[in-house]
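The values are calculated or read from the model by the stated rules, or taken from the named source; none is laboratory data. These numbers were taken from a predicted model, which means no experiment stands behind them. All Cβ positions, glycine included, derive from the backbone under ideal geometry; neighbour counts span all protein chains shown.
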């Protein structure tokens, strides 16, 4: 493979930890190591807004009305800065929408 970028993710805590676990022969093959930094509160809010809109746009008009009436947007935005990642945000929004819609059917 030439002219390629390979991204490896892990739960290593430091470059020293990587070397200890993988050994120098493997570690030396990496050209760069980028340390993970948690998302800022502002970034989490932006991701939440975008994901909410994306999921909301998939609903039909009746479902949209139910979701708006529930006030779930405000509730989700209040906790958005306490969430860890985009995957978690997406899951919470989907589950909230599903719960609102299903409870209306019952």
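What number of residues within the range 40-60 satisfy the criterion of being surrounded by fewer than 14 Cβ atoms within 10 Å (Cβ to Cβ), assigned to a helix (DSSP H, G or I) and more than 12 Å from the chain's Cα centre (by Cα)?
Here is the first cut: in the range 40-60, the residues surrounded by fewer than 14 Cβ atoms within 10 Å (Cβ to Cβ) are 40-43, 46, 50, 53-54, 57-58, 60.
Add one more test, that the residue is assigned to a helix (DSSP H, G or I), and what stays is 41-43, 46, 50, 53-54, 57.
Subsequent filtering for residues that are more than 12 Å from the chain's Cα centre (by Cα) retains 41-42, 53-54, 57.
Residues that pass the stated criteria total 5.
Please tell me if residue 63 is in contact (Cβ under 8 Å) with a residue 24 or more places away in the chain, touching a helix residue (DSSP H, G or I) at 6+ places or on another chain (Cβ under 9 Å), in a helix (DSSP H, G or I) and within 21 Å of residue 37 (Cβ to Cβ). Taking the combined requirement at face value, the residue does not satisfy it. Within the range 92-100, identify whether any single residue is assigned to a loop (DSSP other than H, G, I, E, B) and touching a residue at least 12 places away in the same chain (Cβ under 8 Å), and answer yes or no. No.
Could you go through the range 20-34 and let me know if any residue there is touching a residue at least 40 places away in the same chain (Cβ under 8 Å) and surrounded by fewer than 10 Cβ atoms within 10 Å (Cβ to Cβ). It would help to see each step written out before you state the result.
Looking only at the range 20-34, we keep the residues that are touching a residue at least 40 places away in the same chain (Cβ under 8 Å), and these are none.
Among the residues of the range 20-34, not one is touching a residue at least 40 places away in the same chain (Cβ under 8 Å) and surrounded by fewer than 10 Cβ atoms within 10 Å (Cβ to Cβ), which makes the answer no.
Considering 66, 83, the condition of being out of contact with any strand residue (DSSP E or B) (no Cβ under 8 Å at 6 or more places or on another chain), under 26 Å from residue 7 (Cβ atoms) and not assigned by TED's automatic domain parsing to the domain that holds residue 17 is satisfied by 83 alone.
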